[in-house]
1. Name, by its number, the condition in (1) open to solvent by 10 Å² or more (accessible area, probe 1.4 Å); (2) within 20 Å of Gly363 (Cα to Cα) that does not hold for Glu451.
2. Can we say Gly363 is closer than 30 Å to His100 by Cα, buried (at least 18 other Cβ atoms within 10 Å of the Cβ) and among the small types (Gly, Ala, Ser)?
3. Which of the residues that make up the range 281-318 are assigned to a helix (DSSP H, G or I), open to solvent by 40 Å² or more (accessible area, probe 1.4 Å) and without any contact (Cβ under 8 Å) to a residue 40 or more places away in the chain?
4. Is there any pair linking a residue in the range 413-425 that is hydrophobic (A, V, I, L, M, F, W, C) to one that is in a loop (DSSP other than H, G, I, E, B), with Cβ under 7 Å and at least six apart or on different chains, and which?
5. If only one of Leu439, Leu481, Leu492, Leu501 is of a type in the set (A, V, I, L, M) and under 19 Å from Gly563 (Cβ atoms), which one is it?
6. Of (1) of a type in the set (A, V, I, L, M); (2) buried (at least 19 other Cβ atoms within 10 Å of the Cβ); (3) not in a loop (DSSP other than H, G, I, E, B), Val410 satisfies all except one. Which?
7. Of the conditions (1) acidic (Asp, Glu); (2) touching a helix residue (DSSP H, G or I) at 6+ places or on another chain (Cβ under 8 Å); (3) more than 23 Å from Arg530 (Cα to Cα), Glu442 clears all except one; give me its number.
Amino acid sequence: MENLRKNKGKKMITEGKKFGNFMKCAREKKNISLAELCEGLCSLTTAQKLETGERIPELLLRARLMERLGYSCEGFEIYVGYQEYEDWKERQRIVRNMYHGEIEAAGNALKNYEEIVQKREGRPQKVMEKTNYLLRKQFILYMKAQIMMLQKKEAGELTKILEEAIKLTIPGVLICQEEGSSKIDTSILKKKVLAPLELSILADYISYQKKYEEKEREKHLSAILEQMPAEKECRVLILPKITFFITKKKIEELRKIDIGEQADKYYALSEQYKKILALCNQSIDLLRDKGKMYYLWELLHIKREILQILEVMETKKAGSIDLEYLKRSIQEIDAWCSAIVYLTKEYGGEAEQRGDMYLFQEGNVNCINDVIACRRKMKHMTESELAEGFCDVRTIKRIEKRETNGQREVVANLFKKLGLSPEYQKQGFVTEQTEVKKLENELKKALNMHEVNTAEKILDRIGEITDNEDIGAKQFQEVCLINNAVNSGKILPKEGEEFLLNSLEKTMPIENMGCKEAIYLAMPEALCLRSIFSYTASREKYWSILEQYCTGLEREGKADCNGVYEIAVEAIASYYGDNREYELSDVISRKEVKRGFALRRMNMLHMHLYNIWWNQNQITKRSKVETEGEEILKICISLSNLCKETFFSKFYEKKLADF
């Protein structure tokens, strides 16, 4: 155990790294000028102040800048003041209603939010407030467009709204045509640095603008493909959509061609289909890597149709494609599609893409004021004890009552005293190195797949470039090290439990988590708790805390944007099943399958389906009622293969053999 505590040649980074450090590092790495990055968002002077840390951008601007640099806010833990938090909650209420198909409720919430934003517009505004007003207005316009698309409204009205949204942050890209209509100037577009959401607005405009000829439409959509970020986490937000738009139209054109009559042109036709297939494969593979379902159903069907056409062409005239490969690929797609159909029929949800709500991710957002109040109570501290050395008691009272957000330096010191990282925006590790975000994603996947050697190498590299002094980052590193050590068999689960309990002692002791009021756990603490729950022989000591944590996230409407929630609620469902509360466990997993479809996330689907199978199997033993257990296990295998989660595929295959 001692070797897990050693710091092997860590590069120490000063505490309190600001957003500007990350922004500058990412921008310079991609060779983007500050003027290019901030165009349409804020002035160059404002951008310079953001980069030097003189100013902290509001949430919407921060998210947009990050996405223009190729980094999604998903997976980031973010802290904002009470006004900005309430603004975020209003937006998320709209997004949540849209996610879950409650279009009328979303429309009403959007109308209410628009009224709030319009009232602010009439007040005197500072430079930063004007910038954030533009982003809020763009959110409102694009959300209106999303609702209109779902309601299949007339294209002319829709393109007017999209055009207005484009002009807010993408200046000069539209060129006016005859009769007042506009088209995208691709020469201008190529010079832009844009976020996936902005590219999506452009793609919708091109698709719905009737003035486009089909060849020109395809050319302009292809121009958007060239502007996509290279980073997978942002690329996955836009590539599948553009691929679907292009391939859908292309396949419609090719369907009109009689293959029999065009046998002499076999090679040219075959090459066209292969190009579409390559584009589909690129998007599907990316979705599988990231565990997302954005336009997956549509792309799988397009790919299947192409494979079938190529199969027919190959039988007519032997060519360059292996027929066995084509047949295997079709069978694989059929298995995936059958699994998706089964889940939607049994547990609800939509296989088809309904809107693009995933583009409005803003991270795991928390209110600074509420967090301070909650953590103080959890630690059983008085206001004067918390204030000692940093501020007066009156400041604590005003912060907790949401009368002030507090000075940044004061809040940072209060956070540290309460066992939290002082960073306003952070991932698991704290660093200005952009490489770490990618490494962190790879680490999570390696740990999930029990790839212990890969995880160890990633941890060593991360350890060289991250801030080991940040309390949250240190705890996150500890939980990753322990999980990998348990997976590899270097330590026993009981030892892992003891080490992680000691880790929590430094931030929030486990006994302080059992309070009657709301609890707040930082992401590393929640991961510690989830791992302890897995390792302990007496889970009843911790399950109520884990359940209270998940219930609090649901109550706050934050379950959809908190990655730890997914693995925590899966553990709760498993716990209920282990304690013969099969029906209750079943209800949780069924709900999570439906939620997974709504959020277009597929990594947890096979786990919850397996939990449902296990519950049914136990009920069968108890009631002697036959179930479709073998079929469900086969679906679990298909779903885990779809997500490229081979560890779980092997587990389900063994269960199937035993069954």
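The values are calculated or read from the model by the stated rules, or taken from the named source; none is laboratory data. Quick caveat: nothing in here was measured; it's all calculated off a predicted structure. Glycine also receives a Cβ, built like all others from the backbone with ideal geometry; neighbour counts cover every protein chain displayed. The protein model used for the area step is the full one, side chains on, heavy atoms only, and it has no ligands, DNA or RNA in it. Shrake-Rupley method; radii C 1.70, N 1.55, O 1.52, S 1.80 Å.
1. Evaluating Glu451 over (1) open to solvent by 10 Å² or more (accessible area, probe 1.4 Å); (2) within 20 Å of Gly363 (Cα to Cα) leaves (2) as the failure.
2. Spelling it out, Gly363 is indeed closer than 30 Å to His100 by Cα, buried (at least 18 other Cβ atoms within 10 Å of the Cβ) and among the small types (Gly, Ala, Ser).
3. Matches in the range 281-318: Asn281, Asp285, His301, Arg304, Gln308, Glu311, Thr315.
4. Pairs found: Leu414/Phe390; Phe415/Ser421; Phe415/Pro422; Leu418/Lys379; Leu420/Ala522.
5. Leu439 is the lone residue from the list that is of a type in the set (A, V, I, L, M) and under 19 Å from Gly563 (Cβ atoms).
6. (2)
7. Condition not satisfied by Glu442: (3).
This table checks each residue for (1) assigned to a helix (DSSP H, G or I); (2) surrounded by fewer than 17 Cβ atoms within 10 Å (Cβ to Cβ).
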site	(1), (2)
Pro171	no, yes
Ser187	yes, yes
Val193	no, no
Leu197	yes, no
Leu221	yes, no
